[in-house]
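What follows is a set of notes on a single structure, which appears directly below.
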Amino acid sequence: MAAQELIADIGVEMSRFPTAAHLVSWSKFCPQTHESAGRKKGKGRGKGNRWLAGTLARIVFSVSKADTFLGERYRRIARRRGKSKALVAAGNSVLTVVYQLLSDPQAHFRDLGADYDGTRINKDRRARSLASQLQAPTGQKIIIPHGKAVLVEPETA
């Protein structure tokens with residue numbers, strides 16, 4: 001049903017949109033930024049097609065509980081930034097997928113999986129980052145040789 005509503009709202013002819021970003025911008029399902037005197041102010045999203053926005057919201061809420069890439073994307077952003085921003089970000093991703101599928105008839109959807117972002121994190125770099133965050137308030141030097149954290153005593157002069 002949601003696919004029918006999406007096609008009714010945006011059509012199947014994607015040649016009028018050069019890229020997926022153009023489709024997202026046309027649908028007003030991307031955050032707006034207003035800049036004045038060098039200061040950037042977030043203004044939410046624009047007033048686009050409310051039927052398309054409702055359809056995208058239903059799609060995002062249905063995948064938000066699923067163990068998929070889009071579901072994990074929604075949950076990760078919702079923890080950090082809030083549910084409304086996560087809805088716009090995941091809706092943006094849904095529109096990008098729809099654009100890719102409609103613009104290329106040979107394309108097939110393949111979910112990246114819920115652990116996609118976790119597999120792309122360099123564990124050594126993340127450990128060094130956490131160690132440096134711990135060093136700032138405590139003043140102790142932490143090094144991580146061979147995956148084990150070691151506290152180095154400061155030299156007394």
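The values are calculated or read from the model by the stated rules, or taken from the named source; none is laboratory data. Computed from a prediction, not measured in an experiment: that's the story for all the values here. Please note: Cβ atoms are built from the backbone with ideal geometry, for glycine as well, and neighbour counts cover all protein chains shown.
Here is a yes/no grid of residues against (1) in contact with a helix residue (DSSP H, G or I) (Cβ under 7 Å, 6 or more places away or on another chain); (2) in the same structural domain as Ser27 (by TED's automatic domain parsing):
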residue	(1), (2)
Gly54	no, yes
Ile59	yes, yes
Ser62	no, yes
Arg79	no, yes
Leu87	yes, yes
Ala90	yes, yes
Val94	yes, yes
Asp111	yes, no
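From the residues in segment 86-107 that are of a type in the set (A, V, I, L, M) and either farther than 17 Å from Ala2 by Cβ or in contact with a Lys or Arg (Cβ under 7 Å, 6 or more places away or on another chain) (or both), which one is surrounded by the fewest Cβ atoms within 10 Å (Cβ to Cβ)?
Among residues in segment 86-107 that are of a type in the set (A, V, I, L, M) and either farther than 17 Å from Ala2 by Cβ or in contact with a Lys or Arg (Cβ under 7 Å, 6 or more places away or on another chain) (or both), the one surrounded by the fewest Cβ atoms within 10 Å (Cβ to Cβ) is Ala107.
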How many of the residues making up segment 78-125 are within 30 Å of Ala149 (Cα to Cα) and in a helix (DSSP H, G or I)?
9
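Mind listing whichever residues of segment 34-51 are touching a Lys or Arg at 6+ places or on another chain (Cβ under 7 Å) and modelled with pLDDT under 65? Outline the logic, then answer.
Residues of segment 34-51 that are touching a Lys or Arg at 6+ places or on another chain (Cβ under 7 Å), as a first pass: 34, 45-48.
Within segment 34-51, Arg45, Gly46 qualify.
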For the structure I just gave you, tell me whether His146 is exposed (fewer than 12 other Cβ atoms within 10 Å of the Cβ), modelled with pLDDT under 75 and part of a loop (DSSP other than H, G, I, E, B).
yes
Please indicate, with yes or no, whether at least one residue in segment 10-20 is within 25 Å of Arg120 (Cβ to Cβ) and either modelled with pLDDT of 85 or more or surrounded by 12 or more Cβ atoms within 10 Å (Cβ to Cβ) (or both).
yes
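Given the criteria at pLDDT 75 or above, of a type in the set (A, V, I, L, M, F, W, C) and surrounded by fewer than 18 Cβ atoms within 10 Å (Cβ to Cβ), does Phe61 qualify? First the steps, then the outcome.
On the way: at pLDDT 75 or above: yes; of a type in the set (A, V, I, L, M, F, W, C): yes; surrounded by fewer than 18 Cβ atoms within 10 Å (Cβ to Cβ): yes.
Here the answer is yes, as Phe61 does meet what is asked.
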